[in-house]
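Before any comments, here is the structure.
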């Protein structure tokens with residue numbers, strides 16, 4: 001085991017690697033009266049001043065000499081890895097701009113086919129500029145370190161997001177699907193299909209927006225047979241090959257992307273994949289894998305009928321009965337989403353699958369205001385765990401709940417002239433939105449047609465100073481977190497009742 005360096009030795013290594021400048025070192029040493037200090041104290045100051053990250057510190061301490069810089073970008077943290085590449089959060093050494101740097105794994109750098117595929121994917125990605133596609137800004141083809149520079153998306157992959165949430169409400173799943181299909185539609189109109197559409201290739205930003213990554217695979221594998229695909233190291237298009245073998249269509253059929261968009265939608269709504277997940281390549285190519293899908297209505301019998309129909313049509317095994325293009329599916333998504341967000345979740349007002357009673361979680365309790373219709377609460381918060389807690393608690397109290405992760409998107413629901421009121425009460429949370437939540441709270445109160453809307457600002461102690469600028473009134477209040485849910489629930493009921501009296 002390598003001997004732990006002293007603070008001075010560590011500082012010299014960081015300086016030699018270009019991670020700390022002479023001025024930055026002096027700023028650290030200036031915190032102490034001597035230099036024979038424990039390494040842990042040096043680390044604490046370097047981290048507090050944001051001069052080094054824990055990732056950099058650990059690698060310097062181990063005596064590593066490479067991987068700290070890729071071109072003009074300094075790696076800050078390791079984000080994750082896939083079959084072919086590793087992804088890092090990185091900062092430009094001059095501007096400090098944060099980017100994601102995707103680096104081809106060492107073992108593939110001498111593999112000409114894989115290396116060319118990686119660079120081709122990057123060059124194709126550079127042609128795509130859309131809000132729902134992660135942009136690629138630079139492609140570097142250096143022999144020793146081929147890498148791509150991309151937008152860094154704060155958030156989760158959709159796979160991680162659903163793993164945390166278990167399953168998503170129809171309105172949220174449909175919003176994410178809309179984003180996904182908007183990106184596919186844009187790419188298709190430029191003559192590009194995805195060919196590796198799966199949960200881990202959809203990123204959910206902290207704003208709630210879904211973004212696609214990893215375009216460009218179709219051109220790299222279109223020439224290969226299914227057998228050649230199965231024998232490639234970690235073939236990323238093998239699921240597509242299995243589908244197209246089962247349906248008899250040619251490779252690179254646009255409708256294959258649509259099928260796998262349906263798979264993602266099913267997974268978000270049901271909490272499980274419709275396809276048996278396996279690493280066995282022969283099983284993944286098997287026709288029976290696609291023929292044995294359990295109808296989603298059996299797993300989620302209370303789903304709105306439009307939602308079930310979109311899942312079924314997207315996942316039609318007969319390609320001629322599937323949506324013919326992303327635009328066609330997007331039109332249905334937009335129509336369904338409009339009804340879902342307005343609370344008109346079923347086409348004919350009857351429960352899906354002839355269910356005669358509301359599910360237990362939807363049954364109003366005595367805590368909800370007694371009215372001839374269910375009251376609705378809009379929650380503006382981007383943290384998935386807090387979203388779940390607020391959603392579930394308010395549903396148990398009998399409210400319809402609309403959760404939105406972005407302040408601007410939430411306020412857009414209240415545009416003047418809208419036919420329906422989006423919510424009877426709005427809750428802005430500073431937990432993850434900070435000052436943006438305060439600004440949204442104030443904007444809602446400053447507009448004539450929304451001024452009377454009951455509104456609550458949940459104030460996290462980290463954002464107490466920003467919350468001091470909140471414009472409050474009798475029907476517009478702040479609550480400090482943590483807050484007892486019973487008190488939170490009662491305040492919502494009180495504010496709604498106050499408005500009805502006025």
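The values are calculated or read from the model by the stated rules, or taken from the named source; none is laboratory data. The model shown is predicted, which means the values in this text are computed figures rather than measured ones. Every residue, glycine among them, receives a Cβ derived from its backbone with ideal geometry; neighbour counts consider all protein chains shown.
Summary of values
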quantity	calculated
Looking only at segment 317-337, and only at residues there that are outside any helix (DSSP H, G or I) and over 16 Å from residue 181 (Cβ atoms), the one that is nearest to the chain's Cα centre (by Cα)	317
Qualifying residue in segment 370-387 (condition: touching a strand residue (DSSP E or B) at 6+ places or on another chain (Cβ under 8 Å), at pLDDT 90 or above and in a loop (DSSP other than H, G, I, E, B))	yes
Lone qualifier among 125, 183 - being in contact with a strand residue (DSSP E or B) (Cβ under 9 Å, 6 or more places away or on another chain) and at pLDDT below 95	125
Criterion (in contact with a helix residue (DSSP H, G or I) (Cβ under 7 Å, 6 or more places away or on another chain) and part of a strand (DSSP E or B)) met by exactly one of 148, 184, 176	148
Selection status of residue 67, in contact (Cβ under 8 Å) with a residue 60 or more places away in the chain, outside any strand (DSSP E or B) and either within 29 Å of the chain's Cα centre (by Cα) or within 23 Å of residue 8 (Cβ to Cβ) (or both)	no
Test: residue in segment 439-451 that is under 18 Å from residue 483 (Cβ atoms) and in contact with a helix residue (DSSP H, G or I) (Cβ under 7 Å, 6 or more places away or on another chain)	no
Residue satisfying condition, being more than 30 Å from residue 304 (Cα to Cα), buried (at least 22 other Cβ atoms within 10 Å of the Cβ) and in contact with a strand residue (DSSP E or B) (Cβ under 7 Å, 6 or more places away or on another chain), within set 149, 153	149
Qualifying residues in segment 124-136 (those that are touching a residue at least 60 places away in the same chain (Cβ under 8 Å) and not in a loop (DSSP other than H, G, I, E, B)) - the one farthest from residue 150 (Cα to Cα)	124
Test: residue 402 is within 20 Å of the chain's Cα centre (by Cα), closer than 26 Å to residue 204 by Cα and part of a strand (DSSP E or B)	yes
Residues (surrounded by 14 or more Cβ atoms within 10 Å (Cβ to Cβ) and closer than 19 Å to residue 66 by Cβ) located in segment 102-116	102, 103, 104, 105, 108, 109, 115
Filtered residue count, segment 52-63, keeping only those that are assigned to a loop (DSSP other than H, G, I, E, B) and either touching a helix residue (DSSP H, G or I) at 6+ places or on another chain (Cβ under 9 Å) or surrounded by 15 or more Cβ atoms within 10 Å (Cβ to Cβ) (or both)	3
Restricting segment 158-173 to residues that are in contact with a helix residue (DSSP H, G or I) (Cβ under 7 Å, 6 or more places away or on another chain) and not in a helix (DSSP H, G or I), the residue that is nearest to residue 207 (Cα to Cα)	168
Sole residue being surrounded by 18 or more Cβ atoms within 10 Å (Cβ to Cβ), over 25 Å from residue 160 (Cβ atoms) and touching a residue at least 24 places away in the same chain (Cβ under 8 Å), chosen from 74, 99, 93	74
Odd one out for residue 359, checked against (1) at pLDDT below 90; (2) under 30 Å from residue 459 (Cα atoms)	(2)
Meets criteria (at pLDDT below 90 and either over 19 Å from residue 422 (Cα atoms) or within 28 Å of the chain's Cα centre (by Cα) (or both)) for residue 466	yes
